[in-house]
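Enquirer: My questions will all concern the structure given below.
The values are calculated or read from the model by the stated rules, or taken from the named source; none is laboratory data. None of these values were measured; they are calculated from a predicted model. All Cβ positions, glycine included, derive from the backbone under ideal geometry; neighbour counts span all protein chains shown.
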Amino acid sequence: MDIKLSQCFIAVDDPDAAVAFYRDVLGLEVRNDVGFEGMRWVTVGSPEQPDVNIVLEPPLADPNASPDDRRTMAELMAKGLLRGVIFTTHDCDATFERISGAGAEVLQEPMDQPYGMRDCAFRDPAGNLLRFTQPLK
């Protein structure tokens, strides 16, 4: 079987803040920016991985979602309970300094993990968990 990851989705409640974070802080490139029925989807990705996309999408991007569903999604986002993304980096400590220096919410400073990685963690502007890992030598 020949399969590869193409896209993953991250719910964001403020596309402008998300773009500023993912583009300006993380250095990802904006690949697409589409609006439809009052909603907006922005596709970003690493220049080093042109075939992998992260789609920043509205929470509950369904115009038929109930008010209760929208409220529940907003509460989950506010608590940071939605899944995020794990990135790899060649220098976890430098990555940490750059992102924390930009004012991102720090969840974990760089530390060596027993499973052979050094990693750190942040929340993006919508509250999603982002981890940055570096293999230990």
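Enquirer: Out of the residues in the range 1-29 that are among the aliphatic types (A, V, I, L, M) and either part of a strand (DSSP E or B) or modelled with pLDDT under 90 (or both), which is nearest to the chain's Cα centre (by Cα)?
Expert: Taking the candidates together, the pick is ILE10.
Enquirer: Restricting the first residue to the range 90-108 and requiring it to be in contact (Cβ under 8 Å) with a residue 60 or more places away in the chain and part of a strand (DSSP E or B), which pairs with a second residue that is β-branched (Val, Ile, Thr) and exposed (fewer than 15 other Cβ atoms within 10 Å of the Cβ) meet a Cβ separation below 7 Å and a spacing of at least six or different chains?
Expert: none
Enquirer: Here's something else I'd like to know. Could you list, in sequence order, all residues of the range 41-74 that are closer than 13 Å to ALA126 by Cβ and of a type in the set (D, E, K, R)?
Expert: GLU57
Enquirer: Let me ask you something else. I'm trying to understand the selection: among the residues of the range 30-61, which are part of a strand (DSSP E or B) and among the small types (Gly, Ala, Ser)?
Expert: Listed by number, the residues that qualify are GLY35, GLY45.
Enquirer: Which of the residues that make up the range 1-33 are out of contact with any helix residue (DSSP H, G or I) (no Cβ under 9 Å at 6 or more places or on another chain) and either of a type in the set (Gly, Ala, Ser) or surrounded by fewer than 11 Cβ atoms within 10 Å (Cβ to Cβ) (or both)?
Expert: MET1, ASP2, ILE3, LYS4, LEU5, SER6, ALA17, ALA18, ALA20, ASP24
Enquirer: Kindly list, by first and then second residue, each pair from a residue in the range 74-89 that is part of a loop (DSSP other than H, G, I, E, B) to a residue that is basic (Lys, Arg), limited to pairs with Cβ atoms under 7 Å and residues at least 6 apart or on different chains.
Expert: Going by the 7 Å Cβ cut-off, the qualifying pairs are GLY80/ARG123.
Enquirer: If you don't mind, another one. If only one of PRO114, PRO110 is of a type outside the set (A, V, I, L, M, F, W, C) and buried (at least 16 other Cβ atoms within 10 Å of the Cβ), which one is it?
Expert: The unique qualifying residue is PRO110.
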